[in-house]
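Please read the structure below before turning to the comments.
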Amino acid sequence: MSWMRGITCQVRHWRAERARWKADMAEFKAAQKEARRKGEWPENPGPPPTGFTLLPWLLMGMGSFSNLLQGKTSNPWIGGLGLFAFNSLYIYVVFRSFVKEKRQAVSTVVALVVMGLITCGLALGYGGSWLYFFPLLGLATGAVVRGPRLGQVGLALTALAAAVSVYRSGWDAINIAYGTFLSTMVTAAILSLSEAVRELRAAREELARRAVEKERMRFSRDLHDLLGHTLSVIVVKSEAARRLAPRDMEAALGQITDIEAVGRQALTEIREAVTGYREGSLATELDRARSALSAADIAPVVRQSGPLLTPQNEALLGWVVREAVTNVVRHSGATRCEITFDGVMDRVRLTIADDGPGDGGAAATGPAESIGGTGLKGLTERLAVAGGSLRAGPSPRGGFTVTAELPVESAELTSSVATTSGSTAPREP
């Protein structure tokens, strides 16, 4: 009874394929109708082909079936069994030919070979309309054999069809060989082209999806870095203004003026980030870092030397300064922060080190492999794309250190070395 279960499963599979084919056809027709209504050309090349597209060709065997019904065939039981076996194998093969893994399976090749043996047997035994099974065999062969072996297989099948046709019905049946060759090559060409078009369309959709995902990631990282730093500076300066207001109104007004300037600059940067044209400046970020650290009572120490940078690398290091200083202000509890930029061999290095104990937040994330903050993760990805690296973790002497390295893209060196300290004297931790 196992063969009965196998037949039942196969029938269920064909029914499911038929239902899917109908759904695809309905979707394709709806898309075409909508495109015609809008006066556009539909991009969808059509529903995915299935074995149902090759089933109508079985009508070529109606002549043989008619001979069986009219009793013009000797040994009709043998002819009937041969016809049933051929049609069953044909349906089995063509349905498997539209799935690459099934098409290349050994069972499909074996079924195709058995079809060839049955075709030769029926054609040699009966001739006449039974020779038309060779073009049907060519259809199945073209659907299965796609690739470099198609030419050899197609010519061999054509030669076999020609030999059997000439032997059984004379030279008048040589058109069977032509039909076999044509059906094999045209079927393989059409199905291969259709498959290539669908793969290209899928690749285009995947590239578009990745482009959208990349832009979304860029925007989210820019927005995080911009707002995280800006809001931290505003909060720190607001606290400083509140503390200064009772005893030094002029200093408090200075902090409020800085808050207004930071807010206006943040609005400009957010607009630029939205349009994708924002170019960061390392010098600007260093100035902002001094201001933010001083407002938080953290002594800034900036040392700068080394090669000139390309605008892209300068923007990357500016993001590193912005993110690291924001973490120092928000999480470190430090009294001193050193920012060092220098050149080492063919690379430039930026180091931001503080002396704070940390509070278990973003600054206490451990080594680079375990960086947990969204900003530092995003910066790690950006630097990796540019051929650089980012390391972050506790310093052996206490505090937390962030180190970014990038390859030098300019051989022009600068000799300007500046050591700048903030106006707030360092305090003992």
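The values are calculated or read from the model by the stated rules, or taken from the named source; none is laboratory data. Computed from a predicted model, the values in this text were never measured in an experiment. Reconstructed Cβ throughout: ideal geometry from the backbone, glycine too, with neighbour counts over all protein chains shown. Side chains included, ligands, DNA and RNA excluded: accessible areas come from the protein's heavy atoms. Shrake-Rupley method; radii C 1.70, N 1.55, O 1.52, S 1.80 Å.
A few remarks follow.
- FRET efficiency, 1/(1 + (r/R0)^6) with R0 41 Å, evaluated for ALA203 and ARG242 via beta carbons: 0.10
- When THR108, THR401 are compared by accessible area at a 1.4 angstrom probe, the order from most to least is THR401, THR108.
- Computing Rg and the Kirkwood Rh from the Cα coordinates of the stretch 200-328 gives a ratio, Rg/Rh, of 1.11.
- Carbon + sulfur, % of accessible area of the stretch 70-176 - ligands and nucleic acids excluded, 1.4 Å: 67
- Label-to-label distance, TRP57 versus ALA30, with points set 7 angstrom from Cα along the beta-carbon direction: 3.1 nm.
- Chain lengthening between ARG391 and LEU124 when straightened (0.36 nm per residue, less Cα-Cα): 88.3 nm
- 17 Å Cα-Cα reach of LYS377 towards lysines, excluding residues that sit fewer than 8 places from it in its own chain: LYS214
- The stretch 236-338 - percent of accessible surface contributed by carbon and sulfur, probe 1.4 Å: 53
- Label zone (ALA251, point 7 Å along Cα-to-C-beta; backbone nitrogen cut-off 19 Å) within the stretch 296-336: 296-300, 335-336.
- Protein-only accessible surface order, largest first, of ILE339, ILE91 at 1.4 Å: ILE91, ILE339
- Each Lys or Arg adds one and each Asp or Glu subtracts one; over the other residues with Cβ under 12 Å from the Cβ of ARG210, this totals 0.
- Take each peptide in 117-123, 178-184, 240-246, count the other Cβ atoms within 10 Å of every residue, and average; sorted highest first, the result is 178-184, 117-123, 240-246.
- Cβ-Cβ FRET estimate between ASN75 and LEU182, R0 fixed at 22 Å, reported to 0.05: 0.10
- Rolling a 1.4 Å probe across the protein heavy atoms gives the stretch 167-247 an accessible surface of 65 Å² per residue.
- Computed E for GLN152/SER281 - FRET, C-beta separation, R0 51 angstrom, nearest 0.05: 0.20
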